[in-house]
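One structure below.
The values are calculated or read from the model by the stated rules, or taken from the named source; none is laboratory data. Note that the structure is a prediction, hence the values are computed from the model and not measured. Cβ placement follows ideal geometry from the backbone for every residue including glycine, while neighbour counts extend to all protein chains displayed.
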Amino acid sequence: MNKINPLDVLNARKVGFCSPLFTTVDIATSYNLEWAIDDWIKEKCSGRYFLGKNIILDETNNIKEVYTVGFEKEKELSYFMLACPHLKYQ
C-alpha cells in the first residue's frame with residue numbers, strides 16, 4: 001500500500017522560489033528536459049523541491065541559461081544526481 005504524502009495533498013512539493021536553505025545544482029538546458037526532470041522528481045522523491053530556469057556566468061564569463069534544481073533534503077539531491085537517467089548525457 002502506498003503512503004500518502006501530505007505535501008502532495010496540499011500541492012506544496014514544488015515551490016515557486018528557491019529557498020537559500022535548499023541544496024542546489026545547475027543543469028544545462030535542453031529540449032523537454034525540464035518536464036522530464038520534474039516528472040522524475042515527482043515520482044522518485046518525497047520532499048519539497050524547486051525547478052526553474054536561471055541565468056549564470058560560466059567559467060569564461062559568458063552568460064548561460066541553466067535549470068536550477070534545489071532540494072530541501074540534501075539526500076534527495078544526492079539521489080537525483082546519481083539515479084536520474086535524464087542527467088546521463090549532460
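Restricting 60, 29, 24 to residues that are modelled with pLDDT of 95 or more and polar (S, T, N, Q) narrows the list to 24. Taking first residues from region 16-32 that are in contact (Cβ under 8 Å) with a residue 12 or more places away in the chain and partners that are among the acidic types (Asp, Glu), the Cβ contacts under 9 Å between residues at least 6 apart in sequence or on separate chains come to 19/72; 21/72; 22/72; 23/72; 23/74; 23/76; 28/65; 29/65.
Residue-by-condition table, conditions (1) farther than 19 Å from residue 83 by Cα; (2) in contact with a strand residue (DSSP E or B) (Cβ under 6 Å, 6 or more places away or on another chain); (3) of a type in the set (A, V, I, L, M):
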| position | (1), (2), (3) |
| --- | --- |
| 2 | yes, no, no |
| 11 | yes, no, no |
| 19 | yes, no, no |
| 23 | no, yes, no |
| 27 | no, yes, yes |
| 35 | no, no, no |
| 57 | yes, no, yes |
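With the condition kept exactly as written, say whether any residue in region 6-14 is at pLDDT 95 or above and either out of contact with any Asp or Glu (no Cβ under 9 Å at 6 or more places or on another chain) or not basic (Lys, Arg) (or both). No, region 6-14 has no match at all.
Of the helices (runs of 4 or more DSSP H) lying entirely inside the chain, those carrying at least 1 residues that are surrounded by 15 or more Cβ atoms within 10 Å (Cβ to Cβ), out of contact with any His (no Cβ under 9 Å at 6 or more places or on another chain) and of a type in the set (D, E, K, R) are 33-44, 74-83.
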